[in-house]
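Written out below as structure tokens is the structure these notes cover.
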Amino acid sequence: MPRILSDMLIIAERNLVRLPRSPDLLLAVTVQPVMFVLLFVYVFGGAIQTPGFDNYKDFLLPGIIVQNIAFGGFLTALGLAEDMNKGLVDRFRSLPMARSAVLAGRTSADIVTNLLSIAVLVVTGLIIGFSFDAPLQNIIAGVGILLLFGYAFSWVFALIGLLVSSPEAANSVGFIAVFPLTFISSAFVPVESMPSVLQTVADVNPFTITVDAMRHLWVGGPAGNAVWGAVVWSFVIFAIAAPLAVSRYRKAASK
Amino acid sequence: MMSDMTTDKPPAIRVQGLMKSFGDLRAVDGVDFEVPAGTVLGLLGPNGAGKTTVVRMLTTLMTPDAGRVEVAGLDAVEQATELRSRIGLAGQYAAVDENLTGAENLTMVGRLYGMTRGAAKARGQELLEEFDLVEAAGRPASTYSGGMRRRLDLAAALVAKPEVLFLDEPTTGLDPRSRLDLWATVETLKAAGTTVLLTTQYLDEADRLADSIAVIDHGRLIAEGTSDELKDRVGGERLEVTLAEGADSDAAIEALLPMSDERPVSEDGVVRLQVRQRGGTLVEAVKRLGEAGLDVEDLELRRPTLDDVFLTLTGHAAEATEPEEATA
């Protein structure tokens with residue numbers, strides 16, 4: 001195995017073994033999304049009209065799953081901010097390992113936790129009455145898009161984690177930066193129900209495009225160009241955030 | 001420098017014209033030194049002197065603005081990756097992953113040095129035993145005391161049996177017992193042939209551990225040599241005579257005058273002088289004072305400490321608190 005790959009896996013493993021030992025983090029990737037699904041479905045569900053969908057559950061699940069996956073990267077922001085603070089980055093940099101493995105390993109670990117979140121959310125959805133309305137290959141393609149989108153956002157959170165001074169700040173900055181984007185999108189309500197200014201934002205929002213792609217792939221919603229759009233957006237976000245995070249890492253770590 | 005200690009081997013560390021600035025601040029301003037293989041160099045200086053910046057450049061964490069660094073015969077810029085496989089670093093903070101157990105920390109570091117999982121585990125076990133962490137091996141490092149974390153950190157630095165070990169203020173913030181343990185470890189490593197560069201602001205630490213000492217202040221080396229050589233630079237033995245109540249200190253100064261090159265000084269019934277030699281000094285002083293009919297309460301002959309050295313060289317005390325090093 002090439003060195004970069006094995007080092008990346010060692011770092012990813014190191015980031016994953018902590019999860020079962022940190023009940024707070026484990027709750028954040030499992031129970032919290034379930035809570036949101038239940039709240040949205042049973043509190044708002046009755047009031048939100050979703051023309052073209054059988055019920056609000058079918059409308060909501062692809063949306064809330066995209067939101068959750070985007071936020072899955074908060075583990076990266078948290079982890080990197082901690083590593084920078086505690087001098088662990090110095091240790092890594094003094095080892096004969098591939099330097100890029102620290103960031104690549106950290107973000108790759110999110111893929112595993114994101115898969116866990118997806119599983120928990122889908123099972124929750126199925127229990128409360130969500131049903132897939134698509135061929136199997138589309139459902140699998142949907143999982144692929146979720147992981148891709150989540151991975152791109154892991155790099156956004158990597159950048160955030162390296163910019164802020166503490167793990168606490170990483171959490172709140174990440175929340176403030178990403179949360180509004182997820183709401184001004186088609187994730188929770190039909191875009192047509194928003195004021196026109198917000199509709200303009202929502203229409204170009206990568207969240208809207210990715211959520212629409214998920215609805216198409218999982219419940220047969222209208223496709224448009226959403227699927228390709230979602231893939232392109234993931235690559236664009238990755239292509240912007242990753243080099244910024246890498247250069248920030250180099251700068252911050254060599255101080 | 002330190003040519004008297006040179007062996008057949010090339011020096012383990014060779015630093016020439018090392019420079020590093022942060023904005024307008026010249027953190028390291030033209031530093032040269034060599035450390036013969038198998039010896040311990042103490043890099044001594046107050047906070048903000050540039051010690052950490054030097055260590056960061058020697059361990060490839062930072063690129064020098066100018067100058068050359070060679071560690072274990074490898075260039076720190078051109079051959080950085082190979083160099084990293086030959087060194088160990090324990091910094092000012094215990095750089096351990098608090099979410100991993102002690103054993104997992106060492107295994108991870110071993111694997112990142114390129115060992116197989118099995119080899120890394122076995123080496124980790126050895127170190128856990130050596131550093132008295134066997135009982136705590138299965139607990140997350142977050143539950144460790146400060147001293148245990150430092151031991152784990154040092155163990156991590158030793159995973160690959162490095163030829164050259166860098167310790168950046170290894171005992172800052174340690175309790176006295178842990179400090180003694182760490183000193184013993186450094187002495188064991190040296191006996192096994194490891195070259196050690198340690199930075200410290202504690203003079204007794206440099207005095208105890210280092211074969212040679214380089215004193216750094218404001219980014220420059222202001223003195224280097226063995227502990228004894230440095231002490232000789234600030235003069236010989238100090239004799240302090242505490243006179244009995246009512247004894248004439250002027251008479252004491254006259255009586256002791258022939259023992260020193262300079263005129264003894266007196267303050268509050270204590271007469272101080274620098275003597276030319278150590279042997280027979282106390283006996284001679286007692287005899288001279290007795291002949292002058294002066295009663296003595298206490299006599300003390302002491303070597304100058306590194307505190308005296310630092311004060312003489314820099315005009316300020318070594319452990320004075322200054323703002324934290326910008327690069328720390």
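The values are calculated or read from the model by the stated rules, or taken from the named source; none is laboratory data. All of these numbers come straight from a predicted model, not from anything done at the bench. Cβ atoms come from the backbone with ideal geometry, glycine included; neighbour counts cover every protein chain shown. Heavy atoms of the whole protein, side chains included, go into the accessibility calculation; ligands, DNA and RNA do not. Shrake-Rupley method; radii C 1.70, N 1.55, O 1.52, S 1.80 Å.
This table checks each residue for (1) assigned to a loop (DSSP other than H, G, I, E, B); (2) at the interface with chain A (Cβ under 8 Å from one of its Cβ atoms); (3) open to solvent by less than 10 Å² (accessible area, probe 1.4 Å).
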{"residue": "B:92", "(1), (2), (3)": "yes, yes, no"}
{"residue": "B:99", "(1), (2), (3)": "yes, yes, no"}
{"residue": "B:111", "(1), (2), (3)": "no, yes, no"}
{"residue": "B:118", "(1), (2), (3)": "no, no, no"}
{"residue": "B:128", "(1), (2), (3)": "no, no, yes"}
{"residue": "B:134", "(1), (2), (3)": "yes, no, no"}
{"residue": "B:142", "(1), (2), (3)": "no, no, no"}
{"residue": "B:149", "(1), (2), (3)": "no, no, no"}
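Scanning segment B:8-21 for residues that are modelled with pLDDT of 90 or more and surrounded by fewer than 14 Cβ atoms within 10 Å (Cβ to Cβ) returns a single hit, B:17.
Quick grid of which residues meet (1) at pLDDT below 90; (2) closer than 20 Å to residue B:231 by Cβ; (3) in a strand (DSSP E or B):
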{"site": "B:258", "(1), (2), (3)": "yes, no, no"}
{"site": "B:262", "(1), (2), (3)": "yes, yes, no"}
{"site": "B:278", "(1), (2), (3)": "yes, yes, no"}
{"site": "B:282", "(1), (2), (3)": "yes, yes, no"}
{"site": "B:285", "(1), (2), (3)": "yes, no, no"}
{"site": "B:294", "(1), (2), (3)": "yes, no, no"}
{"site": "B:300", "(1), (2), (3)": "yes, yes, yes"}
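Number of residues in segment B:45-81 that are among the hydrophobic types (A, V, I, L, M, F, W, C) and under 16 Å from residue B:162 (Cα atoms): the value is 7. Among the residues of segment B:176-184, are any out of contact with any Cys (no Cβ under 8 Å at 6 or more places or on another chain), farther than 18 Å from residue A:90 by Cα and at pLDDT 95 or above? No, segment B:176-184 contains no residue that is out of contact with any Cys (no Cβ under 8 Å at 6 or more places or on another chain), farther than 18 Å from residue A:90 by Cα and at pLDDT 95 or above. Among the residues of segment B:41-68, the one identified as surrounded by fewer than 24 Cβ atoms within 10 Å (Cβ to Cβ) and closer than 20 Å to residue B:9 by Cα is B:68.
Give me a count of the residues in segment A:90-110 that are in a helix (DSSP H, G or I), among the polar types (S, T, N, Q) and closer than 13 Å to residue B:91 by Cβ.
Result for segment A:90-110: 0.
Looking across segment B:151-162, the residues that are open to solvent by 10 Å² or more (accessible area, probe 1.4 Å) and farther than 13 Å from residue B:89 by Cβ come down to B:151, B:161. Out of all the residues in segment A:111-130, is one or more of a type in the set (S, T, N, Q) and free of Cβ contacts under 8 Å to residues at least 12 places away in the same chain? No: segment A:111-130 contains no residue that is of a type in the set (S, T, N, Q) and free of Cβ contacts under 8 Å to residues at least 12 places away in the same chain. For segment A:1-28, which residues satisfy the criterion of being open to solvent by 60 Å² or more (accessible area, probe 1.4 Å) and over 21 Å from residue A:171 (Cα atoms)? Answer for segment A:1-28, where residues must be open to solvent by 60 Å² or more (accessible area, probe 1.4 Å) and over 21 Å from residue A:171 (Cα atoms): A:1, A:2, A:3, A:4, A:5, A:9, A:13. Name the residue that is farthest from residue B:309 (Cα to Cα), counting only residues in segment B:250-268 that are in contact with a strand residue (DSSP E or B) (Cβ under 8 Å, 6 or more places away or on another chain) and open to solvent by less than 30 Å² (accessible area, probe 1.4 Å). Going through the qualifying residues, I end up with B:252. Can you tell me which residue among B:106, B:61, B:74 is of a type in the set (A, V, I, L, M, F, W, C) and at the interface with chain A (Cβ under 9 Å from one of its Cβ atoms)? Exactly one residue qualifies, and that residue is B:61.
Of all residue pairs spaced 6 or more apart or on separate chains, those with beta-carbon atoms under 6 Å, a first member in segment A:76-105 that is facing chain B (nearest Cβ under 7 Å) and a second member that is among the polar types (S, T, N, Q) are A:94/B:59; A:96/B:81; A:96/B:85.
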